[in-house]
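Beneath this line is the structure, given in structure tokens, with notes to follow.
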Amino acid sequence: MQAYDAFLLVSFGGPEGPDDVMPFLENVTRGRGIPRERLADVAEHYYAVGGVSPINQQCRDLLTAVQAEFAAGGLSLPVYWGNRNWSPYLTDTVRAMAEGGVRRAIAFVTSAYSSYSSCRQYLDDIEQARAAVGPDAPQIDKIRRFFNHPGFIEPFAANADAALATLPAEVREGAHLVFTAHSIPVAMADASGPGGGRRYVAELTEAARLIAERTGGGSHPRTLAYQSRSGSPAQPWLEPDIRDHLGELAKSGTEAVVVIPVGFVSDHMEVRHDLDVEAAQSAESLGLAFARAATPGTRPRFASMITELVRERLALPVAQPAALGTMGVPSQVCPADCCRYSPVASPAHRAGEARGPARA
């Protein structure tokens, strides 16, 4: 007998038309004191692509692939989808699950790492949605983190090899692999993992190492940089910023870079704008040949990883290894104090933020 009677995909959400853009950005930044004019600046990034974030369609495509994987693997689980910041909202989805008779669901969150914003906040979102629905809400168990799972690492390495092949032949051999992830406050990074184990940077570093070893014969130099900062200049955030880092690489004689957005599951707006537009423009101005690796979210291997993680949670046989590298298989259950973080809003923070809100 299966321990779960439904599968739930939980994601960030994004606008699906021009009229959605400002309400979506207001949802994302509620309580952070960001001036409306700054939101309007960020909104222009969406309007430039028709006001539609790619993330919702990517979630639909992922659900379709997961359903096919479940059927092929003998898992009979109806699938649901709920977002943090846009329709379908998580609370509405949990209510629909309750009305459909779901009593216990397994949830996959589109984030691979430990930190408040990438793990704990989703756990809190799930509990808040259950509380809003009431006593009939199903129990929802979040699937563990998957930063070192072969279904995450191997598609990234294949995509990095494909990006490497697009560089001019004369600079390809010496190309530098630049891994990027969302910058977060240093205090949040320090608090990530059980007991404040600084797991966010450690897990990113491990994932980058595993991908680099499988890219271009493992011969390319690599570094980890950060992108999409959305915090007060008065508050320390993880550095170096990707654009600053490209400048340092150019000064050191690097001629080509492959940027690998290791911190992300899908090619949403923070990838397509912050890397494909801003970082690419910086590279061009510096005379760097530039290529960007795709994220793994559209690869069949990534969808099969989700099936493997569900089977693992159900204690069913899994053909593939559960983890690569030296950090082992992450815990199935996060301790109650794991990744807890309470930001303190400084006057500069309340007045407005450095580069604007996170987006997807």
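The values are calculated or read from the model by the stated rules, or taken from the named source; none is laboratory data. Predicted, not measured: the structure shown is a model, and the values here were computed from it. Because the Cβ atoms are built from the backbone with ideal geometry, glycine has one as well, and the counts that use them run over all protein chains shown. Heavy atoms of the whole protein, side chains included, go into the accessibility calculation; ligands, DNA and RNA do not. Shrake-Rupley method; radii C 1.70, N 1.55, O 1.52, S 1.80 Å.
Using a 1.4 Å probe on the protein heavy atoms, what percent of the accessible area of the stretch 1-118 belongs to carbon and sulfur?
Its accessible area is 51 percent carbon and sulfur atoms.
Can you give the accessible area of residue 292, probe radius 1.4 Å, in Å² rounded to 10?
50 Å²
Please state the shape class of the stretch 178-289: rounded when a/c is under 1.5, otherwise prolate if a/b exceeds b/c and oblate if not, all from the C-alpha gyration tensor.
It is oblate, given that a/c is not under 1.5 and a/b is not larger than b/c.
For the stretch 269-339, with every protein chain kept in place, what is the accessible area per residue (1.4 Å probe, Å²)?
Accessible area per residue, the stretch 269-339: 44 Å².
Positive end of the charge dipole of the chain (Lys, Arg +1 and Asp, Glu -1 on Cβ, about the Cα centre): tell me which of 150, 75, 296 has its Cα farthest that way.
The residue sitting farthest along the positive end of the dipole is 75.
For the stretch 141-170 and the stretch 253-321, write down the distance between their C-alpha centroids in whole Å.
About 6 Å separates the Cα centre of the stretch 141-170 from the one of the stretch 253-321.
Under DSSP H, which helices of the chain have Cα atoms covering 15 Å or more of the helix axis and a Kyte-Doolittle average no less than 0.5?
Qualifying helices, which must be both long enough and hydrophobic enough, are 150-165.
Whenever you get a sec, compute what percent of the accessible area on the stretch 209-303 sits on carbon and sulfur atoms (1.4 Å probe).
47 percent
Which residue fluctuates most in the GNM of the chain (Cα springs below 10 Å): 11, 114, 252?
252
Take every Cα pair under 8 Å in the stretch 21-113 that's 6+ residues apart, average their separations, divide by the length, and report that relative contact order as a whole percent.
For the stretch 21-113, the relative contact order is 21 percent.
Would you work out the charge dipole size for the chain about its Cα centre, treating the Cβ of every Lys and Arg as +1 and the Cβ of every Asp and Glu as -1, and quote it to the nearest 20 debye?
Its charge dipole is roughly 760 debye.
At what distance in angstrom do the alpha carbon centres of the stretch 1-71 and the stretch 218-244 lie from each other?
Their Cα centres are 24 Å away from one another.
Please say if the stretch 191-236 is rounded, prolate or oblate, where rounded means a/c under 1.5 for a ≥ b ≥ c the square roots of the C-alpha gyration tensor eigenvalues, and otherwise the choice is prolate for a/b larger than b/c and oblate otherwise?
Oblate, since a/c reaches 1.5 and b/c is not below a/b.
Once you have a ≥ b ≥ c as the square roots of the Cα gyration tensor eigenvalues for the stretch 15-162, tell me rounded if a/c is under 1.5, and otherwise prolate or oblate according to whether a/b is larger than b/c.
oblate
Sequence gap at least 6, Cα distance under 8 Å: using those rules, report the relative contact order of the chain to the nearest whole percent.
It comes to 25 percent, rounded to a whole number.
Which whole-number value in Å² is the accessible area per residue of the stretch 84-242, probe 1.4 Å?
36 Å²
Accessible area of residue 314, 1.4 Å probe, to the nearest 10 Å²?
30 Å²
Helix-derived [θ] at 222 nm for the chain: sum -39500 (n - 2.57) over DSSP H runs of at least 4, divide by residue count, nearest 500?
That comes out to -12000 deg cm²/dmol.
Among 299, 120, 38, which one shows the highest mean-square fluctuation when the chain is modelled as a Gaussian network with alpha-carbon springs under 10 Å?
Result: 38 has the largest fluctuation of those listed.
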